[in-house]
Amino acid sequence: MERTKMPNDGPGHRLLGTLGALMVTLAAPHGQSMAAAPAVPVEVELVPRSPEQMSAFYEARGFPPAMVARLARECFITVRIRNTGREVVWLDLAQWRFSADDRPLRRYRRDYWKKKWEEMNIPLASQSTFRWTLLPETLDYQPGEVEGGNVILERTSAPISLEANFDTGPDRKGTPIRLHFDQLRCAGEAP
């Protein structure tokens, strides 16, 4: 049995309502129904952002037009993670798998963008601000901690699936958390 989880904290919820497309599915651990599954000690919210939204955001921060145009071609998903449990939860984006049409979907890592911005001679101030908007590659979430940022994927018109795995415990040897999200979509159309 699956249950649907939707963000319910104001603007993100309204955005989802206007897009009318994002239904995030939280799956039980392998072999268990949701009724038998223990409470998952992490909340993950995923909100697709349109090229217009991201372009306006970066333009307002003085990003060069070439940088804004390059970013507008990709698929942005804003991720918000909250540790609702009593143990440390470890984000490691290397353990996340995005796919569409039964094939892996490219996630652009920080090192890709660093090289791209250097090739384009983007000012360091813009590069620094851009890095600040990304979800960290790795992070330990202490109990009650909330952190978020953007994940940038290659644009696709197909539904996107995500297998998101988290380690737990101070030494990362606790019970792993495995979440499955279906039917994510890139918002809007690339220019």
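State which residue pairs qualify: first residue more than 17 Å from VAL44 (Cβ to Cβ) and inside region 148-176, second residue among the small types (Gly, Ala, Ser) in any location, beta carbons under 6 Å apart, and separation of 6 or more residues or different chains.
Partner pairs satisfying both residue conditions: ARG155/ALA190; THR156/ALA100; ALA158/ALA100.
Looking at the structure I just gave you, is GLU189 of a type outside the set (Phe, Trp, Tyr), more than 13 Å from the chain's Cα centre (by Cα) and closer than 21 Å to GLU74 by Cβ?
Judged against the criteria, GLU189 is a match.
So which residues in region 127-157 are under 18 Å from ARG73 (Cβ atoms) and surrounded by fewer than 14 Cβ atoms within 10 Å (Cβ to Cβ)?
Within region 127-157, just SER157 meets the criteria.
For a quick check of your reading of the model, give me the residue pairs whose first member lies in region 73-102 and is closer than 30 Å to SER55 by Cβ, whose second is part of a helix (DSSP H, G or I), with beta-carbon atoms closer than 7 Å and at least 6 apart or on different chains.
PHE76/MET54
One line per residue, one yes/no per condition, for (1) more than 26 Å from ARG61 (Cβ to Cβ); (2) at pLDDT below 95:
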| position | (1), (2) |
| --- | --- |
| LYS115 | no, no |
| ARG131 | no, no |
| LEU135 | no, no |
| ASP140 | yes, no |
| ARG155 | no, no |
| ASP182 | yes, yes |
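Filter region 127-162 for residues that are assigned to a loop (DSSP other than H, G, I, E, B) and at positive phi and give the result.
Across region 127-162, the qualifying residue is only GLY144.
So, in region 168-186, of the ones that are within 17 Å of the chain's Cα centre (by Cα) and of a type outside the set (A, V, I, L, M, F, W, C), which residue ends up nearest to ARG131 (Cα to Cα)?
Only one residue fits best here, namely ARG185.
Kindly establish whether MET34 is modelled with pLDDT of 95 or more, in contact with a strand residue (DSSP E or B) (Cβ under 6 Å, 6 or more places away or on another chain) and either closer than 20 Å to ARG107 by Cβ or not in a strand (DSSP E or B) (or both).
Taking the combined requirement at face value, the residue does not satisfy it.
Hey, which of the strands (runs of 3 or more DSSP E) in region 55-126, taking only ones fully inside, have at least 2 residues that are among the β-branched types (Val, Ile, Thr), under 19 Å from the mean Cα position of the chain (by Cα) and surrounded by 14 or more Cβ atoms within 10 Å (Cβ to Cβ)?
Qualifying strands (runs of 3 or more DSSP E): 75-83.
Of the numbered conditions (1) surrounded by 13 or more Cβ atoms within 10 Å (Cβ to Cβ); (2) in contact with a helix residue (DSSP H, G or I) (Cβ under 9 Å, 6 or more places away or on another chain); (3) among the hydroxyl-bearing types (Ser, Thr, Tyr), SER161 fails exactly one; give the number of that condition.
Single failed check for SER161: (2).
Look through THR175, THR133, THR129 and report the one residue that is among the polar types (S, T, N, Q) and touching an Asp or Glu at 6+ places or on another chain (Cβ under 9 Å).
THR175
The values are calculated or read from the model by the stated rules, or taken from the named source; none is laboratory data. Model, not experiment: these values are computed from the prediction. Every residue, glycine as well, gets a Cβ built from its backbone with ideal geometry; the counts of neighbours run over all protein chains shown.
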